[in-house]
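The values are calculated or read from the model by the stated rules, or taken from the named source; none is laboratory data. Model, not experiment: these values are computed from the prediction. Cβ: placed from backbone, ideal geometry, glycine included. Neighbour counts: every protein chain shown.
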There are 2 protein chains.
Amino acid sequence: MSDDGHVPAAPRRTPAAPRRAGTYRTFYSEPLTVASAQGCTITDTSGIDHLDAYNNVPVIGHSHPAIADAVHAQLLRANTHTRYLDDIVDAYSRDLLALLPQHIESVVYTCSGSEANDLALQVAAYSSMSSGVIVARRAYHGTTSATAAISPSLSPGPRDHVVTVDIPAAEDPDFEQDLADRVRRAAAELERRGHGTSAFVLDSTMTSEGIVAGEHVRLAAAVDAVHDAGGFYIADEVQAGFFRTGAWWGYEALGVAPDLVTLGKPMGGGMPIAAVAGPRVVFSDFGGQQRYFNTFAGTPAPIAAAHAVLVTLRDGGFGERVADAGSRLGEGLVDALAEAGVDGRIRRAGLMVGVDLRPAAGDDARAGALAEEIVEAMYARRVLVSRTGPGDAVLKIRPPLVITDEEIDRLVDAFRGALADVAGTGVRERADG
Amino acid sequence: MSDDGHVPAAPRRTPAAPRRAGTYRTFYSEPLTVASAQGCTITDTSGIDHLDAYNNVPVIGHSHPAIADAVHAQLLRANTHTRYLDDIVDAYSRDLLALLPQHIESVVYTCSGSEANDLALQVAAYSSMSSGVIVARRAYHGTTSATAAISPSLSPGPRDHVVTVDIPAAEDPDFEQDLADRVRRAAAELERRGHGTSAFVLDSTMTSEGIVAGEHVRLAAAVDAVHDAGGFYIADEVQAGFFRTGAWWGYEALGVAPDLVTLGKPMGGGMPIAAVAGPRVVFSDFGGQQRYFNTFAGTPAPIAAAHAVLVTLRDGGFGERVADAGSRLGEGLVDALAEAGVDGRIRRAGLMVGVDLRPAAGDDARAGALAEEIVEAMYARRVLVSRTGPGDAVLKIRPPLVITDEEIDRLVDAFRGALADVAGTGVRERADG
């Protein structure tokens, strides 16, 4: 009956082909091959140094020896899992929770921000007994099935259990009430569809909306609307957390405290670790119904890395450092735009910086094309940045937090040069005109 | 309008409480706190050595210096992401793909087995244009929302897009045809429900079914049935892969080759890394519709660990080693059962060993209780094992693959002692009677 060696045909036929999977997409028209990285510098295999101004994972700098040595020592000692106890995990958890509001009492570790948001959605759905989720129009919250479904920037197809809200302009003096009104309408729509409101999930710097930050950007009324609908406010701090904004957490500038908070990218400085934190009772309720065990999550080696990051940030005066560096960078970019006569708008929370080129270029598509040219021109000048937001028309600049004044000046010079490089293009002619 | 400092109430009220989240569950009535781990030994904080016979992550041994040193060197050099290229990632990918069938041309990295299975489901759903999934009755494939939904062992509630099949007994001489008939009926049911068949996902050692292995256990006819329904056969090698069964991949003993294969736990020896591999065109199609980027996945530090594991396994004679160790362990367990007059049944694929206690104890609940007593009695004798399968009545033994003959003998002695320890219990009296 059995037929050893029989190899059934795959449902899709496959030609012989190169082996780099088609899902991978690299940055830049000519991808960068990394040889080494130190501080804010990535050296490519031709020996050329690039200033990395687009990486919020190595928040204390690339190849930081405190991380490497802590991980090495831990890997030589033990690296088991959370079915056994390990004092380093408890110690880190205490240090981490001490940085969060008092009602955030428990933390559950995952391997990635995607897993953290996925788990937060599961926990919120279980506790709220609802399945509807409210997200920003261009949100990105991860690549698992469930987080991709609440990430319109990944897969824009409509989902019955997801309602998006347009984030008001950062300059809107009625930002808070306008957003709250939209959230309330979204909750009503989810109720009408029979899902109810499980969660309002928001990246605290609204990065994929083009970075939304400023004195009017407040969330309290919107969070009240979510609570009135029985849902959780989940602060996605995967991009905004760990001093990116100059404070430990991005939500601190928004006048709210989250019900659940998800952490990721900078948490382990590159070691895979992420987390969901929230009230203990919420996890207990969920854990009573469904066990959650994640083999690699919260294991001692990634925890050792996370601990090195936390201690470095906590004891390194990063609040002041990010405030100063962010100001210098923001002012430099404003000056460069003014000198070039380009009407761009800077939005900034600490060292999360957006340069919105839509005022210069008129429409999203032209602004996106201008942004793409500037990104490539800065790459040619050995400075790495990227873009985001509507039409990908907002330059996204988020260097490691250890960027020096000299490096900021180099970044601004490259931006100035890039603006000159693209001055001959149709887009710039219109902007200059 | 904004109301700085306003902290909205969480939807669920939270008492002051200890900070260990309720979702975590440790092994054993008295949890083990790890001080260090080497080879197959875990030393607790009281200085007591335990023989770890229940961990398929440190497949080449706990705290292996080849892994620690490779990760250390890489963390000091660079650890960026897959938006940039890094030669170590390409080199490892080539080495890994060389171990897989020729039609498996591409690999996409993730951080965890859960993420790997979640991505495999997304890819299969996209390519098959179907959403239905066939899994084993007690399957476990992960903890993301989508993989938890196909894991009846986690959350047994019915899901419209999931149909389970009972895995025939390993001893059934008609195993292959019986399973194929069940898969065909499951596919018909998914068709009737309007989902169609996207994937048949199977752990290659069927671990949570109680470990199903042996000469009759063949899949070719079932895979034909899946293909006839337009679906993918996804081999979940998260538990079975990397020489656990004495071959590189568990499916090799099943007379089939997978359409997609997912890898995990032992892959990085404890560093968080996992993967999906399959035909390039399948990933290209999916990647053309939806970008997949996973910040920590396939980064150089976990890849360095995975490379150290691969080289150690490839060059270490592990095929023969696992075959010999597995035989010694299997025979020792059989002898111990016979000496104790306990009617248990060993099912084994290499060093994935199940001791099914149901014949001894009559019903699943009594057998589960007996298994629990044996696990605790072995823990008291400083040997770590666990249990799985129907009623949790199957002892699950899966030591690191570097287990020595002396350690196997110690394991068998502890099993013999545990059987004597539980001889006075009601369950054993019945089994002895």
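A few remarks follow.
- For segment A:200-257, filtering for residues that are within 13 Å of chain B (Cβ to nearest Cβ), under 24 Å from A:Leu99 (Cα atoms) and of a type in the set (S, T, N, Q) leaves 1.
- Test: residue in segment B:185-208 that is in contact (Cβ under 8 Å) with a residue 40 or more places away in the chain, over 19 Å from B:Tyr126 (Cα atoms), in the same structural domain as B:Thr262 (by TED's automatic domain parsing) and among the aromatic types (Phe, Trp, Tyr): no
- Cβ-Cβ contacts under 6 Å between residues 6 or more apart (or on different chains), taken from a first residue in segment A:315-334 that is in the same structural domain as A:Gly241 (by TED's automatic domain parsing) to a second residue that is assigned to a helix (DSSP H, G or I), are absent.
- For segment B:253-264, the condition of being part of a helix (DSSP H, G or I), surrounded by 24 or more Cβ atoms within 10 Å (Cβ to Cβ) and in contact with a Phe, Trp or Tyr (Cβ under 8 Å, 6 or more places away or on another chain) holds for none of the residues.
Conditions tested, residue by residue: (1) β-branched (Val, Ile, Thr); (2) touching an Asp or Glu at 6+ places or on another chain (Cβ under 6 Å).
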{"position": "B:Arg94", "(1), (2)": "no, no"}
{"position": "B:Thr110", "(1), (2)": "yes, no"}
{"position": "B:Leu121", "(1), (2)": "no, no"}
{"position": "B:Tyr126", "(1), (2)": "no, no"}
{"position": "B:Ser145", "(1), (2)": "no, yes"}
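- Number of the exception - A:Val281 against (1) of a type in the set (Val, Ile, Thr); (2) modelled with pLDDT under 95; (3) within 24 Å of A:Gly39 (Cβ to Cβ): (3)
- Checking B:Glu171, B:Glu189, B:Glu176 one by one, the residue that is in a helix (DSSP H, G or I) and either of a type in the set (A, V, I, L, M, F, W, C) or in contact with a strand residue (DSSP E or B) (Cβ under 9 Å, 6 or more places away or on another chain) (or both) is B:Glu189 and no other.
- Summed over segment B:230-243, residues that are under 12 Å from B:Ala199 (Cα atoms) and surrounded by 24 or more Cβ atoms within 10 Å (Cβ to Cβ) total 6.
- Among the candidates A:Val201, A:Val223, A:Val163, residue that is part of a helix (DSSP H, G or I) and touching a strand residue (DSSP E or B) at 6+ places or on another chain (Cβ under 6 Å): A:Val223
- Of the residues making up segment B:50-69, those that are more than 8 Å from every other protein chain (Cβ to nearest Cβ) and either touching a Lys or Arg at 6+ places or on another chain (Cβ under 6 Å) or farther than 14 Å from B:Leu313 by Cβ (or both) are B:His50, B:Leu51, B:Asp52, B:Ala53, B:Tyr54, B:Asn56.
- Looking across segment A:35-49 at every residue that is outside any loop (DSSP other than H, G, I, E, B) and surrounded by 21 or more Cβ atoms within 10 Å (Cβ to Cβ), the one that is farthest from the other protein chains (Cβ to nearest Cβ) is identified as A:Ile42.
- Among the residues of segment A:285-338, those identified as under 30 Å from A:Ala125 (Cα atoms) and surrounded by fewer than 22 Cβ atoms within 10 Å (Cβ to Cβ) are A:Asp285, A:Gly287, A:Gly288, A:Gln289, A:Gln290, A:Arg291, A:Phe293.
- In segment A:251-268, the count of residues that are of a type in the set (A, V, I, L, M, F, W, C), more than 30 Å from A:Pro173 (Cβ to Cβ) and at pLDDT below 95 is zero.
- Qualifying residue in segment B:234-245 (condition: assigned by TED's automatic domain parsing to the domain that holds B:Ala169 and in a helix (DSSP H, G or I)): no
- Test result for A:Arg218, charged (D, E, K, R), within 24 Å of the chain's Cα centre (by Cα) and either within 22 Å of A:Leu357 (Cα to Cα) or not in a helix (DSSP H, G or I) (or both): yes
- Filtered residue count, segment A:339-358, keeping only those that are part of a loop (DSSP other than H, G, I, E, B), surrounded by fewer than 24 Cβ atoms within 10 Å (Cβ to Cβ) and not acidic (Asp, Glu): 2
- Pick from segment A:53-77, criterion in contact with a strand residue (DSSP E or B) (Cβ under 7 Å, 6 or more places away or on another chain) and part of a helix (DSSP H, G or I), ranking: surrounded by the fewest Cβ atoms within 10 Å (Cβ to Cβ): A:Arg77
- Segment A:291-308, residues that are of a type in the set (Phe, Trp, Tyr) and either touching a Leu at 6+ places or on another chain (Cβ under 8 Å) or free of Cβ contacts under 8 Å to residues at least 12 places away in the same chain (or both): A:Tyr292
- Summed over segment B:383-418, residues that are touching a residue at least 60 places away in the same chain (Cβ under 8 Å) and assigned to a helix (DSSP H, G or I) total 11.
- Subset of segment B:272-287 that is within 7 Å of chain A (Cβ to nearest Cβ) and either touching a Gly at 6+ places or on another chain (Cβ under 6 Å) or not basic (Lys, Arg) (or both) - its residue that is nearest to B:Val89 (Cα to Cα): B:Pro272
- Answer from A:Glu406, A:Glu372 - the residue that is within 24 Å of the chain's Cα centre (by Cα), modelled with pLDDT of 95 or more, not hydrophobic (A, V, I, L, M, F, W, C) and not assigned by TED's automatic domain parsing to the domain that holds A:Ala253: A:Glu372
- Residue list for segment A:78-95, filter: within 10 Å of chain B (Cβ to nearest Cβ) and outside any loop (DSSP other than H, G, I, E, B): A:Leu85, A:Asp87, A:Ile88, A:Val89, A:Asp90, A:Ser93, A:Arg94
A quick yes/no check of all residues on (1) in the same structural domain as A:Thr404 (by TED's automatic domain parsing); (2) at positive phi; (3) under 25 Å from the mean Cα position of the chain (by Cα):
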residue	(1), (2), (3)
A:Phe27	no, no, yes
A:His50	yes, no, yes
A:Asp69	no, no, no
A:Leu75	no, no, no
A:Leu85	no, no, no
A:Arg94	no, no, yes
A:Ile104	no, no, yes
A:Thr110	no, no, yes
A:Gln122	no, no, yes
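- Selection within segment B:75-102 - within 30 Å of A:Tyr379 (Cβ to Cβ), hydrophobic (A, V, I, L, M, F, W, C) and touching a Leu at 6+ places or on another chain (Cβ under 8 Å): B:Leu85
- Residues in segment B:157-213 that are of a type in the set (Ser, Thr, Tyr) and either crowded, with 20+ Cβ neighbours inside 10 Å or within 21 Å of B:Met352 (Cα to Cα) (or both): B:Thr197, B:Ser198, B:Ser204, B:Thr205, B:Thr207, B:Ser208.
- Yes/no for B:Ile42 being under 30 Å from B:Arg387 (Cα atoms) and among the hydrophobic types (A, V, I, L, M, F, W, C): yes
- Matching residues in segment B:6-44 - criterion: being basic (Lys, Arg) and at pLDDT 50 or above: B:Arg25
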